[in-house]
Amino acid sequence: MRTTKIRTSVLATGFLIGFVAAATLAAEPWPQRTVHLIVPLGAGTAPDAAARLYAERLAARWQRPVIVENRPGAEGLIGATAFAGMHDDHALLFSPAAPVSVFPFTQEKVAYDPVRDFVPVSSAGDTFGSISVPASLKVGSLAELVELARAQPGKLNWTSGGGAFPTLLAGFAKNAGLDMVQVSYREQNLALQDLAEGRVQVLGTTLTALLPFARAGKIRLLAVTNKKRAPIAPEVPTATEAGFPQLEFEGLVGFFGWRDMPTALRDRISADVRAVAADPILVERFAKAGQIARGSTSAEFAGAIEEQRAKIEAIVRLVGKPKP
């Protein structure tokens, strides 16, 4: 009996020590040192510009430096993979949702678990995607593009930027019964030049990449892929407004935490991001860059990602993995 009491006392003491240690750890301020925002795309891209706007304001809130660290390559796959392997509680991934919502279905292999290795913290904003044609092509809408493609099977070429665009356009062609030829480019600038000169007839990519060519009168924007029109180009209808909701896809960008990130910390960072996203100066700077600042709760961000995952998975089942 005495041995049992001693054992019980020891166990109780151990649990108490563990509880106190956990409580102390939870109470420790975060961050305690420099925070790194891992951006899996190059400097000067839309997500990179957005990350730097957030870094500046989060550093002021956290009273610690927040440094943007670019890890470009393979459309974001390299940086996302690097983040998953860091196991650093002072690093956050700032990225389009594609590494989590698109690549697991479109890439032959990803070296991470898209659910366990990336904890959705908060959305940060939306970039806009657009479908465009050369100005020389006598097409003024998506419906007219479909009509022309059906009248000339196998004659129109299409290409796209990275992320979800190859899958979306392949699904669009399949659903509309179009026979168009996919052309691949190693560099998007070459695709833009060929579009402007009429050597390729359809291009789906980010709106900010297309706008200079549209404003120069070299290409025509037929639709944006987002749910709402882009404030920077309000005259361009959404794909749903144009009659093709299968092309709808948000350019979701946000913050991701590390595997097993404490829930309380995740929610605190999410609240800070939402506060920054509501800053009128940041909202204005996002708008000038052709983006929308938008914070969210972790649950809202996770829900938006799951919606994208379901859509991409359904299209890939229909048309197969896209060509690189």
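Just so it is clear, none of the values below were taken in a lab; they were calculated from the coordinates. Bear in mind that the values here come from a model prediction, so they are computed numbers and not experimental data. Using ideal geometry, Cβ is built from the backbone for each residue, glycine included, and neighbour counts are taken over all protein chains shown.
With respect to the chain, whose longest principal axis is taken over its alpha-carbon atoms, helix 142-151 is tilted by about 50°.
In sequence order, region 255-265 has phi-based couplings of 9, 10, x, 7, 4, 6, 4, x, 4, 4, 5 Hz under the Karplus curve 6.51 cos²θ - 1.76 cosθ + 1.60, θ = phi - 60°, and Gly or Pro positions carry x.
Spin-label pair K138-E197: with each label point 7 Å from Cα along the Cα-Cβ axis, the two points sit 2.4 nm from one another. Between the listed residues F94, L156, L58, the Cα displaced farthest toward the positive end of the dipole of region 42-160, a dipole computed from Cβ unit charges relative to the Cα centre, is found at L156. With the Kirkwood sum run over all distinct C-alpha pairs, region 255-302 has a hydrodynamic radius of 11.6 Å. Here Y185, Y112, Y54 are placed in order of increasing Cβ neighbour count within 10 Å, fewest first, which gives Y185, Y112, Y54. Charge tally for D260 (other residues, Cβ to Cβ under 11 Å; Lys, Arg +1; Asp, Glu -1): +1.
Over the residues of region 129-247, compute the C-alpha Rg and express it relative to 2.2 N^0.38 Å. Against the empirical 2.2 N^0.38 Å value, I get 0.94 for region 129-247. Of all the options S298, S184, S95, the one that moves most in a Gaussian network model of the chain with Cα springs shorter than 10 angstrom is S184.
Roughly what angle does helix 2-27 make with the longest principal axis of the chain, taking Cα atoms, 0 to 90 degrees, to the nearest 10? Roughly 40 degrees, rounded to the nearest 10.
Angle of helix 165-176 to the longest C-alpha principal axis of the chain, folded into 0 to 90 degrees and rounded to 10: 50°. Look at L137, L252, L203 and count the other Cβ atoms within 10 Å of each Cβ; fewest to most, that gives L137, L252, L203. Secondary-structure-derived ellipticity at 222 nm for the chain, considering helices only, amounts to -14000 deg cm²/dmol, per-run term -39500 (n - 2.57) for DSSP H runs with n ≥ 4.
From largest to smallest, the equivalent ellipsoid semi-axes obtained for region 45-203 from the alpha-carbon gyration tensor read 37, 18, 13 Å. For region 22-94, the fraction of C-alpha pairs farther apart than 21 angstrom is 31 percent.
Among V115, V68, V224, the largest mean-square fluctuation in a Gaussian network model of the chain, built with springs joining Cα atoms closer than 10 Å, belongs to V115.
Which of V100, V139 has the fewest other C-beta atoms within 10 Å, and how do the rest follow up to the most?
Least to most surrounded, the residues fall as V139, V100.
Hey, could you get me the Stokes-Einstein D for region 184-324, Kirkwood radius over alpha-carbon pairs, 10 °C and 1.306 mPa s, rounded to whole µm² s⁻¹?
90 µm²/s
Considering the chain at the alpha-carbon level, its Rg and Dmax are found to be 23.1, 93 Å.
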